[in-house]
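Rule-based calculations on the coordinates, nothing more; no lab input. Values in this document were obtained by computation on a predicted structure and should not be read as measured data. Counting neighbours? That spans all protein chains shown, and the Cβs are built from the backbone with ideal geometry, glycine included.
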Amino acid sequence: MSRKIITLILMLALSVIAAQGAFLQQEPSSRARGMGSAFTAIADDSSAVFFNPAGIAFIASPQFQSMYSRLYNMEELSYGVVNYVNPIGENGNWGTYSINMQYFGYELYKENIIGLSYASRFGNSTSLGFNLKFMGLDIDTLGTANAIALDIGMLHMLTDKIRVGAFLHNVSQPRIGAEYLPRGTTVGISYKLLPQLMLSLDIFQEIPSSTEGTTYGFTDLPDEIQEEIEHVLNDEELDMYDEYLENFDAIKKAKPEYRFGLEYNLNQYFSFRSGIRRLPDNYIRYSGGFSLTVKNISIDYSFVDHPALGETHSISMIFGENIRKFLAKSATAKIDINTATKEELMSLPRIGEKTAEAIIQYRNEHGGFKSIEDIMNVPRIGPATFENIKDKITVDGSEPVNYQPSTPKTPTAPTSSSVKVPPAQKVNINTAGVEELSTLPGIGPKKAQTIIDHRNTHGKFNTIEELKNVKGIGDKTFEKLEPYLTVE
């Protein structure tokens, strides 16, 4: 019984010390935890829902997130998250929604939150989002209580390297029974110092609520719980408990919390993170972590220390295409039409899906664009469209993506029935253009373009067997192609 009572005391204390995000400040992302929770201006994967819901507006495909941790490695303080994010319409043109759930605690103390979120882009560089949270609290011997809360977030790209964000937490000032839950404001900025290095800074300030009559001390607990606690703690310890809660609550409302984090992407598979937080009571907390991303799965680990209670470890997973690929472009950042993806091209004014595909097809067939004016050679793009996009595009001289000049064919005399001669060397399906792919057995220009469209949408082929994922290429066709294919 003593362990349960001590845990209950800790739970009640934490509900004052760290009430944020859920009722407690859990930070439902191992990635963000590893960066000191300085995530307001990054917010570029499904976990953005909990730090700045505006960020999910730039997610182009569905993502599913799950997470588990034990606060200070205590089984009674288990915490879990499940979260599903899905864009509405092509590339999220109608916004993005999320359905998520959080749970925390054990049989004596339980918190549950069911959240509904929505975010929408405004132009190419700004988004707004909100969370509607249905919150439930169950404390043994005290009963249950419920509340509804609202969060609001904003994200803006100043340039392709600098982002700013703001998050208003519990802006509706919810109340559980007679107790007001704390509100807070977080503002943040992130800077991409290097292509592989991101820095981020957040400042969090709690907003005082109308809490007259709200108390958290020992004498406000039911008599039967007080009697059990008195068998565990002496009078001096009880006085210290009451004094700490009272003093910390005052400090927390007067001083801001500073959070700093960095993320370094070693390559496309591994990322490392570290962070530091200065709490309102001047305690310093350190954190770190790493992630492994393979295809459409990212696994994140983090640890966060505490000066008195020890470390908290967490692990989370995100499933989805193009995980953490930041699709939105700043209004001041030009798009290189020789390397842009279909989604990036669609962020340009008057460029829809069909036109973006036509740009990529022209680029693959003609060896790229020599100047931005060349884009007017693409069907569907005339002088009027060019005027709208000319200040937003560039050609920086880099080698065009998905293009490799084909080996000239030796002219042959025409015959009544032409027989295709297989290529003398293996064809790299990650770089070949329409003409080179068309030299493969059973592949004509139309099917070659289908292969390129699949590559542009889903990324490079990791194995030649993945070619069977392309529409129209089955096992029999693949058997004919296999001797002539490579991905290197």
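Could you list the square roots of 5 times each eigenvalue of the Cα gyration tensor of segment 427-486, that is, the equivalent ellipsoid semi-axes, sorted largest first and rounded to whole Å?
14, 13, 11
Starting at the first residue of segment 61-74, write each ³J(HN,Hα) from the Karplus equation 6.51 cos²θ - 1.76 cosθ + 1.60 with θ = phi - 60°, in whole Hz, x for Gly and Pro.
9, x, 9, 10, 10, 9, 7, 9, 7, 10, 4, 6, 6, 9
Where does the charge balance sit around Gln102 when Lys and Arg score +1, Asp and Glu -1, over other residues with C-beta under 10 Å from its C-beta?
0
Quick check: residue separation of Gln173 and Lys460 times 0.36 nm, minus the Cα distance between them. What number comes out in nm?
98.5 nm
For the residues Ser291, Ser200, Ser172, what sequence is obtained by ranking on other C-beta atoms within 10 Å, fewest first?
Final ranking by Cβ density, sparse to dense: Ser172, Ser291, Ser200.
Which entries in the list Lys161/Lys255; Lys295/Lys460; Lys392/Lys446 go over 22 Å, if you measure between the two C-alpha atoms of each?
Table pairs above 22 Å Cα-Cα are Lys161/Lys255; Lys392/Lys446.
Could you pull out every residue, at least 5 positions away or on a different chain, whose amide H is within less than 5 Å of the one on Lys426? Hs are placed 1.01 Å off N in the peptide plane, and Pro or chain starts have none.
Counting only residues 5 or more places away or on other chains, the set is empty.
Can you check what the net charge comes to around Gln26, using other residues whose Cβ is under 10 Å from the Cβ of Gln26 (Lys, Arg +1; Asp, Glu -1)?
Surrounding charge for Gln26 is -1.
Which residues among segment 439-456 fall inside the zone where the amide N is under 18 Å from a point 7 Å beyond the Cα of Thr486, along Cα→Cβ?
The answer is 439-441.
Exactly which GluC sites (Glu not before Pro) in segment 251-319 are in a DSSP loop and have at most 14 other Cβ atoms within 10 Å?
Sparse-neighbourhood loop GluC sites (Glu not before Pro): Glu311.
Calculate, in nm to one decimal, what Lys255 and Arg380 gain on full extension: separation in residues at 0.36 nm each, minus their alpha carbon distance.
Gain on extension, Lys255 to Arg380, equals 39.3 nm.
What ³J(HN,Hα) values, in whole Hz, does the Karplus curve 6.51 cos²θ - 1.76 cosθ + 1.60 give for segment 343-360 when θ = phi - 60°, with x put for Gly and Pro?
5, 5, 5, 5, 7, 7, x, 6, 10, x, 4, 5, 5, 4, 5, 5, 4, 5
FRET efficiency for Lys446 and Leu309, Cβ-Cβ distance as r, R0 = 56 Å, nearest 0.05?
0.30
Apply the Karplus parameterisation 6.51 cos²θ - 1.76 cosθ + 1.60, with θ equal to phi minus 60°, to every residue of segment 446-454 and state each ³J(HN,Hα) to the nearest whole Hz, in sequence, with x for glycine and proline.
5, 5, 4, 5, 4, 4, 5, 4, 4
With label points built 7 Å along Cα→Cβ from the Cα atoms of Phe478 and Ile162, find their separation and express it in nm.
The modelled label-to-label distance comes out at 4.9 nm.
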